[in-house]
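Right, one structure below, let's go through it.
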Amino acid sequence: MTTKILTYKDLSINVSEIYEAMGYVDVLPDKRVTTETENIITEVSQWLRPQFAYIVVSQLPAFHLGTIIEKQLCGADAYAIFVATAGREFEDFQQRLSQQGDMLKVFIVNTLGSLIAEKCADEMERILQASIDKLGWKHTNRFSPGYCGWSLTEQHELFSLFPTPTPCGISLTDSSLMVPIKSVSGIIGVGKSVSKQKYSCGRCDFDKCYKKKKTPKRPPSP
């Protein structure tokens, strides 16, 4: 199993990405939003330790992946099973802010946490590709349970492929949700005959998918 602990700096998050994820497209937030965002980044960057783990397997269990994922994985020589997380420290931080009741801060941290988890998974993809370059292999998009027709209920089976039941400290609830919440998991096909393609969002009916470029909701009024 390949694992790595990162820092906030490793994720190369541009503040404009955070604002865009909040719903500020082609316009800057007001002063309080920018100030609170900068303060949160300053604090989080001091202690954040996002991490990822992946293993490469030659065969998969009998997952019900759906046609979209199966088509992209077709021809793979092996499969990378991965998790990535903002970490339990971030989860604790998010819960403390929720208890304080400042909804603007909660909104900013919720947005930032999702971005941290995805950026951590991006770094995992980069490390994965570097490890298979010597084989002349490429990799597919990453796909997660709950998206593209793959049932969330198979999350437990996905986690069972790791040598530890809690990779990167991530545990699963009975309803297959990950804790910490700001975590992602899934599968990537690797091999000589696969490639990374545009996500087939036009054929997917899951409106809440983060890959769908919808205008997000604006944060609560200060």
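The values are calculated or read from the model by the stated rules, or taken from the named source; none is laboratory data. Given the structure is predicted, the values throughout are model-derived calculations rather than measurements. As a convention, Cβ positions derive from the backbone with ideal geometry for all residues, glycine included, and neighbour counts pool all protein chains shown. Note: areas computed on protein heavy atoms with side chains; ligands, DNA, RNA excluded. Shrake-Rupley method; radii C 1.70, N 1.55, O 1.52, S 1.80 Å.
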Completion exercise
Under the 7 Å Cα-to-Cβ spin-label approximation, K9 and V27 lie apart by a distance in nanometres of 3.6 nm
Exercise for the section: For the chain, calculate the relative contact order in percent as a whole number, restricting contacts to Cα pairs under 8 Å that are 6 or more residues apart. Expected result: 30 percent
Handout entry: Helix axis angle, 88-100 relative to the chain longest principal axis, alpha carbon, degrees
Key = 30 degrees
Exercise for the section: Any chance you could give the angle, 0 to 90 degrees and rounded to 10, that helix 103-132 forms with the longest Cα principal axis of the chain? Expected result: 30 degrees
Completion exercise
Per the 1/(1 + (r/R0)^6) rule, R0 = 30 Å and r from the Cβ atoms of T173 and T2, FRET efficiency to 0.05 is 0.70
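Please arrange I116, I127 by accessible surface area, largest first, computed with a 1.4 Å probe and ligands excluded.
Reading off the accessible areas and sorting them downward yields I127, I116.
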Problem - Built amide H within the under 5 Å cut-off of G66, gap 5+ - result: none
Completion exercise
So the FRET efficiency between S98 and K134, C-beta based with R0 = 35 Å and rounded to 0.05, is 0.15
Problem - Cβ charges +1 (Lys, Arg) and -1 (Asp, Glu), total dipole of the chain, debye - result: 500 debye
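In what sequence, largest accessible area first, do F90, F107 appear using a 1.4 Å probe? Provide the component values of the computation, followed by the final result.
On the way: F90 0, F107 45 Å².
In descending accessible area the options line up as F107, F90.
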Practice task
Could you state how much accessible area H64 has, in square angstrom rounded to the nearest 10, with a 1.4 Å probe and all protein chains kept in place?
Solution key: 130 Å²
Practice task
For the chain, find the longest principal axis of its Cα atoms and tell me its angle to the long axis of helix 31-47, 0 to 90°, nearest 10.
Solution key: 50 degrees
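If you roll a 1.4 Å probe over the chain with all protein chains in place, what percent of the accessible area is carbon or sulfur?
Details: 5880 of 11560 Å².
Accessible surface attributable to carbon and sulfur in the chain totals 51 percent.
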Completion exercise
Between the residues W47, L104, A130, the Cα farthest towards the positive end of the dipole of the chain, that dipole coming from +1 and -1 charges on the beta-carbon of Lys, Arg, Asp and Glu, is from A130
Exercise for the section: Using all C-alpha to C-alpha distances in the chain, build P(r) with 5 Å bins and read off the rounded percent in each one. Expected result: 1, 7, 14, 17, 19, 17, 12, 8, 4, 1, 0
Completion exercise
Neighbours of E36 by Cβ distance under 13 Å: Lys/Arg at +1, Asp/Glu at -1, summed charge -1
Fill in the blank from the handout: Largest-first ranking of M178, M22 by accessible area, probe 1.4 Å, whole protein assembly kept, is M178, M22
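Could you provide, to the nearest whole Å², the per residue accessible area of the chain with probe 1.4 Å? Walk me through the intermediate numbers first.
Details: 11560 Å² over 222 residues.
It amounts to 52 Å² per residue over the chain.
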Fill in the blank from the handout: Measure of exposure for T67: accessible area at 1.4 Å probe, Å² rounded to 10, is 110 Å²
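Once you order the gyration tensor axes a ≥ b ≥ c over the Cα atoms, which shape class does segment 46-122 get: rounded for a/c under 1.5, otherwise prolate or oblate by comparing a/b with b/c?
On the way: a/c = 3.46, a/b = 2.42, b/c = 1.43.
Verdict is prolate for segment 46-122.
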